[in-house]
Structures are given as structure tokens and as C-alpha cells.
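**Q** Got a structure for you, questions after.
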Amino acid sequence: MSITLKLPSLSPTMTEGTISKWHVKEGDSVSPGDILAEIETDKATMEMEAVDSGTIGKILVVVGTSAPVHTPIAVLLEEGESETDAAAEEAPAGAKAEGKKTAKKKTAQKEELKKTAPKITAAPSPTPMPPSPPPSGRIFATPLARRLAKEKGIALNQIQGSGPHGRIVKRDVETATPAVAPGASTPALDPRSFYPSDSFEEIPLDNMRRAIARRLTQSMQEAPHYYLTVDCRIDLLTQARKRLNERREKNKSGARLSINDFLLRATALSLIEFPDVNSSWADAVLLRHRHADISLAVALEGGGLITPIIRGVESKGLSQISTESRDLITRARERKLDPEEYEGGTFTISNLGMFGIREFTAVINPPQSAILAVGAGRRVPVVSDSGETSVAEVMTLTLSCDHRVIDGALGARFLGSLRERIEDPFTLLL
């Protein structure tokens, strides 16, 4: 019996994927473990492996096409099967190809009915009625129609299907308009209606951009954000970094330490000191995490963002943090991370200092409850308690907090602890 290969769910947040490359073609034989295709998810491009032996009978989804997870993408034929068996798999979901024996039996039954049935004079045909929904209340729609309806914000139960047995197809969604319930907010305006059609170019959204839009919109809608900002003197930290890097270069003991390495270490120690900050909202309970698994926001070439995670940072020294973060950042930019390397985490650091940004606010990365926005270091005049003026190197930190989890006073104490560690880097050795 032929096997339908479906688009797998390769990460907890994956709802659809794009076939970026097929490693096989129709007629190829495959064995368990063979690479069948490369699939672009919302965060990375991952390989799909064969789990059964057989021959590729039909490829149903071409390269560059997006589809929801669990959509049939190919048909695998077992030994002795032909292309006819693969063609049968292209029928709509729920339709089963009848075997030859069943088909013959039904044909014989029809012939017998023709011989024995009384002749009835044909009555005028009634006015055709639109197909009624299935009695079970289940809505039948093609995978493409479901995806288009989701993108347009149209509920499937608002659409009258024109396909076989009332099935909703692509054209039904394209001609439908979202219905607004009484008291509900009106749909978002279409920006295209404000500009001449020849004055702009439409750029299709890739899976990552759609995922970013969905998750961050959800974050702003569900998590009540508030922001705390503090300036840190980083004179001692930059001096310590310089001396350590000089020593590492002299001993050829590894790559240079970055400011992010010190920030990761300082943040981890403060998270362990204030475990209530290192928590996640889970409706009826709070999840207080035992380790500081810190995500580092990494911008990707061509657009997009990914947050690889350095696990258990509180138990690692600067050298190990530096090695792990460099490896993760490199593979993130190559889109070669596994889902467990970027899904989850307990806190995020986003640093735009290298772009000259002095300060900014960041959107919390669900399911976390806080994110630290790091600005560029700058030299400014400061006045000491004794009234003396001097020049110091200062960096601005802004903490975004989920007020459901982190109260204002708690967020302020955490940020104060973090500032003390950054301003006195010797505490990072403890």
C-alpha cells in the first residue's frame, strides 16, 4: 500500500513550511535515513528524512511552495506498486480509492437495479439548492483554502463552499470578505488602498517574517509590558575586557571576549539571585526556572531575527560563554540551528550598541517574561558625590517586563543588581 508523506512539524511553533529543495525525484528509490527534502520553517531550514523504504511515486508540492504542516507533499510506493497508485493519493483528503473488487461489485449492483426498478416518469427538476454543511458540523476545506482564510482573517464557517459536497476551495476564500460581528472591531485597513497600484512593489512574506509578526503581536496583546531604564558605568568592564583579551592573544587561548559575554554572565547571576524574574506565565501557575537559559537576539542577513539559547549560563565562565555564543551565532546566521537551540529560554538579551543605538525598548519574547535592551557605550561627563566632574564611559540598559510576572519593585531590584555586577566586573568571578 502506498504511503503518503506529509509535511512534518519540525518545531513547536511551526504551523507551515516551504519546500526549499527536493533531494529526490519521482522514480528514485529511498531507504530509512535518506534525506528527502529541505524544509524552510519559521526559524531555520531543516532536513526531512525518510522513515520507510520505497520508490518516490509522485511529488505533490513543488519547490518554493508553502503548505500547512501535515499537508501531503509526496507519495512513497512500496514494492510492486505503480504510478497509478500514486495518482490515487492526489484525491482530496478523506476520499479513498476503491479497490477493483469493490468497484466491480458496485457496477453489478447498479445493473441489477436497472433491470428490477419500476419505470418512473421524470418530474421537473427542482431549483438547485446550495450544498448544506455536513451533519456532523465539520467544515471541509482544502489545505490551501484553510491557509488563505487564516491569512485573510476569515472564519471558514462564514464561507459557502462550491467544491464537491460543499468543500471550501481556493476561489471561495478569494471572493469572500470577513464578516464583522456586532460589537467587534472593524478589520484592519488594507494599506494598498491608500496608494496608486504602480507606486509600490509587493514583497511576499517568508515563514520567518510571518512568525515574527504573529508572535510579537501576541506578546504585545497578551503581556502587559512596562519598561525600566538605567545607565551603567562600564569603564572597569572595558578595562577588564581589554586585559583579558590581551592575555588570550598572548597565550593564543581563544577568540576575543565581547561585551555580550560579560552581559550574559552578569545577567545569569542576577537571574539566579532573583528567581522570580527568571519565570514564565502559564495562566494558572508561574513557572520558576532553575537555570538561566539566556537567548541572544541575532539579526539575519536579508531580514529576520532568531534567538539562539546559551543554556545554564550561571554555571559557565566567560571563556565557555564566548565559545558557545560564537558557535550559536554563526550557525544561526547560516540557519543551521536545531529547534531545541532556539525554542524556549528564560530571558533574552538584545544588543543594538554596534549600530550606534543609544537606547531602545524591546518586545518580550514569549514564553519569557523579560528582555534586556542594550545600547551603545558612550563617553559622557559625570559628577561624583563630592561634586567633582569627570568623563566616564556609560551604557544604557532598558528592561522590558511582563507585569503579570514581575512587579515594578522586583524589576527595579533586579536591574540594580545587574548594574552593580556590570560596574564591578570582579563580581563576575564569584
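**Q** Residue check: is residue 345 farther than 22 Å from residue 398 by Cα, assigned to a loop (DSSP other than H, G, I, E, B) and among the small types (Gly, Ala, Ser)?
**A** no
**Q** Here's another thing I want to ask about it. Quick one: in the stretch 55-79, of everything that is β-branched (Val, Ile, Thr) and more than 17 Å from residue 23 (Cα to Cα), which residue is modelled with the highest pLDDT?
**A** Here is the first cut: in the stretch 55-79, the ones β-branched (Val, Ile, Thr) are 55-56, 59, 61-63, 65, 69, 71, 73, 75.
Keeping just the survivors that are more than 17 Å from residue 23 (Cα to Cα) gives 69, 71.
Numbers: 69: 85, 71: 89.
Among those residues, the one meeting the criterion is 71.
**Q** At pLDDT below 80 and more than 29 Å from residue 140 (Cβ to Cβ) - does that describe any residue in the stretch 30-44?
**A** Yes, some residue in the stretch 30-44 is at pLDDT below 80 and more than 29 Å from residue 140 (Cβ to Cβ).
**Q** Looking at the stretch 1-52 only, could you name the residues that are among the β-branched types (Val, Ile, Thr) and either surrounded by 15 or more Cβ atoms within 10 Å (Cβ to Cβ) or farther than 30 Å from residue 212 by Cβ (or both)?
**A** Within the stretch 1-52, 3, 4, 13, 15, 18, 19, 24, 30, 39, 41, 45, 51 meet the criteria.
**Q** In the stretch 347-365, what count of residues is obtained for those that are surrounded by fewer than 19 Cβ atoms within 10 Å (Cβ to Cβ) and aromatic (Phe, Trp, Tyr)?
**A** Matching residues across the stretch 347-365 total 2.
**Q** How many of the residues making up the stretch 201-250 are farther than 27 Å from residue 364 by Cα, under 24 Å from the mean Cα position of the chain (by Cα) and not in a loop (DSSP other than H, G, I, E, B)?
**A** Summing the residues that are farther than 27 Å from residue 364 by Cα, under 24 Å from the mean Cα position of the chain (by Cα) and not in a loop (DSSP other than H, G, I, E, B) in the stretch 201-250 gives 0.
**Q** Determine, yes or no, whether residue 38 is out of contact with any Gly (no Cβ under 6 Å at 6 or more places or on another chain) and free of Cβ contacts under 8 Å to residues at least 24 places away in the same chain.
**A** yes
**Q** Suppose we keep only residues that are open to solvent by 10 Å² or more (accessible area, probe 1.4 Å), over 35 Å from the mean Cα position of the chain (by Cα) and among the small types (Gly, Ala, Ser) within the stretch 366-403. Which one would you say is nearest to residue 287 (Cα to Cα)?
**A** Here the residue is 384.
**Q** All but one of (1) under 16 Å from residue 368 (Cα atoms); (2) buried (at least 16 other Cβ atoms within 10 Å of the Cβ); (3) not hydroxyl-bearing (Ser, Thr, Tyr) hold for residue 233, so report the exception by its number.
**A** Tallying (1) under 16 Å from residue 368 (Cα atoms); (2) buried (at least 16 other Cβ atoms within 10 Å of the Cβ); (3) not hydroxyl-bearing (Ser, Thr, Tyr), residue 233 fails exactly one: (1).
**Q** For residue 205, indicate whether it is closer than 29 Å to residue 314 by Cβ and not hydroxyl-bearing (Ser, Thr, Tyr).
**A** Numbers: closer than 29 Å to residue 314 by Cβ: no; not hydroxyl-bearing (Ser, Thr, Tyr): yes.
No: the conditions fail for residue 205.
**Q** Could you run through the stretch 303-346 and say how many residues are farther than 16 Å from residue 256 by Cα, without any contact (Cβ under 8 Å) to a residue 40 or more places away in the chain, open to solvent by 60 Å² or more (accessible area, probe 1.4 Å) and not charged (D, E, K, R)?
**A** 1
**Q** Another question, if that's okay. All but one of (1) more than 22 Å from residue 266 (Cβ to Cβ); (2) without any contact (Cβ under 8 Å) to a residue 40 or more places away in the chain hold for residue 404, so report the exception by its number.
**A** (2)
**Q** A follow-up question, please. Run residue 252 past the list (1) open to solvent by 30 Å² or more (accessible area, probe 1.4 Å); (2) without any contact (Cβ under 8 Å) to a residue 24 or more places away in the chain; (3) on the phi < 0 side of the Ramachandran plot and report the number of the one that doesn't hold.
**A** (3) is the only condition that residue 252 fails.
**Q** For the stretch 206-226, does any single residue satisfy the condition of being of a type in the set (Val, Ile, Thr), surrounded by fewer than 18 Cβ atoms within 10 Å (Cβ to Cβ), out of contact with any Lys or Arg (no Cβ under 9 Å at 6 or more places or on another chain) and closer than 22 Å to residue 409 by Cα?
**A** The answer is no, given that none of the residues of the stretch 206-226 is of a type in the set (Val, Ile, Thr), surrounded by fewer than 18 Cβ atoms within 10 Å (Cβ to Cβ), out of contact with any Lys or Arg (no Cβ under 9 Å at 6 or more places or on another chain) and closer than 22 Å to residue 409 by Cα.
**Q** Within the stretch 369-389, can you find the residues that are in contact with a strand residue (DSSP E or B) (Cβ under 6 Å, 6 or more places away or on another chain) and either part of a loop (DSSP other than H, G, I, E, B) or of a type in the set (Val, Ile, Thr) (or both)?
**A** Hits for the stretch 369-389 are 369, 371, 374, 375, 377, 380, 382, 383, 389.
The values are calculated or read from the model by the stated rules, or taken from the named source; none is laboratory data. Everything quoted here is computed from the prediction, not taken from an experiment. Every residue, glycine among them, receives a Cβ derived from its backbone with ideal geometry; neighbour counts consider all protein chains shown. Only protein heavy atoms, including side chains, enter the accessible area calculation; ligands, DNA and RNA are left aside. Shrake-Rupley method; radii C 1.70, N 1.55, O 1.52, S 1.80 Å.
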